[in-house]
Amino acid sequence: MKAVLITGMSGSGKTAVIRELAARGHDTRDLDTPEWSEWVDAAPGDDLTPGEGKDWVWREDRLDALLAAPRDRTLFLSGTSETMGRFLPRIDLVILLSAPVETLLERMAARADGYGRTGEERRRAAGLVALVEPLLRQSADHEIDTRRPVADTVDAILRLT
């Protein structure tokens, strides 16, 4: 069975989409959680780091085991990591969620918790969109604009799988 990665910038809707997929009974993992990701020291000169000298990266041993395990249905993963390129050969489909920067920043500002609640984090995130989203776009098989309701976005994802 397939492994599908749903990726995108902060505020693009990854968490909302993966929750909706889970609510519909699909096998899902949110890789942007402490179970699947961790803070590590950033490489010197790393300009893409939202935290002070730290990178939020996937726990490779856990993701390796998950992707190697046999499965009888499609596995939906959501997340974005500087190290995701290492896993792309084992991902069958990559879907990029996107929205205009203004939409991303509004969503982050409205969060009850998590990255993007402070003005500094949002300024940093806006800069990252210009640097990181083109790289995500290069590895994506499809792109979906998430300015529609979450249910519509999930329907579009399911049509692609």
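Take 96-105, 6-15 and order them by the average number of nearby Cβ atoms within 10 Å per residue, most first; the result is 6-15, 96-105.
Overall, the accessible surface of the stretch 1-133 at a probe of 1.4 angstrom is composed of carbon and sulfur to the extent of 51 percent. Using a Gaussian network model of the chain whose springs link C-alpha atoms within less than 10 Å, name the residue from Val94, Val40, Val129 with the highest mean-square fluctuation. Result: Val40 has the largest fluctuation of those listed.
Given Ala99, Pro89, Ala156, which one lies farthest toward the positive end of the charge dipole of the chain, if we put +1 on the Cβ of every Lys and Arg and -1 on the Cβ of every Asp and Glu? Of the candidates, Ala156 comes out farthest on the positive side. Sorting the segments 75-87, 145-157 by their residues' average number of neighbouring beta-carbon atoms within 10 angstrom, most packed first, yields 75-87, 145-157.
Beyond 19 Å, the tail of the calculated P(r) for the chain holds 54 percent of the Cα pairs. Once the Cα-Cα distance is subtracted from the 0.36 nm per residue extended length, the Arg159 to Ala68 segment shows a gain of 30.2 nm. Dipole check for the chain: with +1 at the C-beta of Lys and Arg, -1 at the C-beta of Asp and Glu, and the Cα centre as origin, the magnitude is about 480 Debye. So if we plug the beta-carbon distance of Val40 and Asp152 into 1/(1 + (r/R0)^6) with R0 = 25 Å, what FRET efficiency do we get, rounded to 0.05? About 0.10, to the nearest 0.05.
Per residue, the solvent-accessible area of the chain (1.4 Å probe, heavy atoms of protein chains only, all protein chains present) comes to 52 Å².
The values are calculated or read from the model by the stated rules, or taken from the named source; none is laboratory data. Quantities reported herein were computed from a predicted structural model and do not represent experimental measurements. Neighbour counts are summed over all protein chains in view; Cβ atoms, including those assigned to glycine, are modelled from backbone coordinates with ideal geometry. SASA here: full protein model, heavy atoms, side chains in, ligands and nucleic acids out. Shrake-Rupley method; radii C 1.70, N 1.55, O 1.52, S 1.80 Å.
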